[in-house]
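Report on one structure; see the data block that follows.
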Amino acid sequence: MNNFKEKLRIVPDFPVPGILFYDLLPAISERGTFNEVIEQLYELYKDYPVTKVVGIDARGLIFGAPLACKFNAGFIPARKANKLPGKTIIEIYSKEYGEDHLAIQEDLIKPEDNVLIVDDVIATGGTAVAAEKLVSNYTKNIRHLFLLELSELNGLSKLSHEYKTLISV
Ligand code: AMP
């Protein structure tokens, strides 16, 4: 799909003044488009033997879960604090608009797992770095996949592991 970029809605001053928010949700509400985006994301890593997909709360969950099915991999949600039951490990981090927490449940990832961390957007990179710190407690085999990179904010340069992005603005 060549025109996904044109389908993005740019919302000024959301969720706080000064932020240009890239809203992907109206685009995937169109019949066919969601499926096509998932196919394209899958193509980027189809040669990597993914065993677990970690989807980042909230929109990374939307894209991560169907990708886990495509890879026939397990799915692990990385969620905001206090959303997951039982023992969790937590990272506190800064993102484009404010501070946040990310947690995963303990012991779901093994050293031999190949983990693909999925999020919709990479902005400053704070969220993705927190996610790779969480996952690296268990395995060194980590890749990142993003639908959209906000290149001005240079978040990709902060990552310690390989990444791919579908589109860049
Ligand atoms: P960051 O940690 O700064 O890379 O921010 C990435 C996370 O925040 C992702 O989970 C995005 O969903 C969200 N995000 C940050 N900035 C934006 C933006 N300008 N438009 C859409 N989502 C954003």
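The numbers here are math on the coordinates, done by the rules we state, and not lab data. Everything quoted here is computed from the prediction, not taken from an experiment. Using ideal geometry, Cβ is built from the backbone for each residue, glycine included, and neighbour counts are taken over all protein chains shown.
Taking the fewest neighbouring Cβ atoms within 10 Å as the starting point, the ordered list for PHE14, PHE63 is PHE14, PHE63.
Modelled spin-label separation between GLU99 and ASP47, with each label point placed 7 Å from Cα along the Cα-to-Cβ direction: 4.3 nm.
The length gained by stretching the chain between ILE89 and ASN72 to full extension, at 0.36 nm per residue less their Cα-Cα distance, is 3.6 nm.
Taking Cβ atoms as reference points and 15 Å as the exclusive limit, the residues near SER168 contribute a net charge of -3, counting Lys and Arg as +1 and Asp and Glu as -1.
Per the helix-only calculation at 222 nm, which mean residue ellipticity applies to the chain, given -39500 (n - 2.57) for every DSSP H run of n ≥ 4 and division by its residues, nearest 500 deg cm²/dmol? Don't skip to the answer; put the middle values down first.
Details: 5 runs with 44 residues, N = 169.
About -7500 deg cm²/dmol.
Dividing the mean sequence gap of close Cα pairs (under 8 Å, 6+ apart) by how many residues the range 59-169 holds gives a relative contact order of 23 percent. Positive contributions from Lys and Arg (+1) and negative ones from Asp and Glu (-1), summed over other residues with Cβ under 12 Å from the Cβ of GLU112, come out at +2. Distance between the C-alpha centres of the range 71-110 and the range 134-169: 16 Å, rounded to the whole angstrom. Residues within the reach of a label modelled at LYS110 (point 7 angstrom out along Cα to beta-carbon, backbone nitrogen below 18 Å), restricted to the range 130-163, are 135-142.
Ranking LEU102, ALA78, PHE63 by how far each Cα lies toward the positive end of the dipole of the range 44-147 (charges on Cβ) leaves PHE63 at the top. Where both bridge residues fall in the range 90-169, DSSP classifies roughly 30% of the beta bridges as antiparallel.
Once the Cα-Cα distance is subtracted from the 0.36 nm per residue extended length, the ARG31 to SER160 segment shows a gain of 42.8 nm. A Cβ-based charge dipole, computed about the Cα centre of the range 48-168 with Lys and Arg at +1 and Asp and Glu at -1, lands at about 280 debye.
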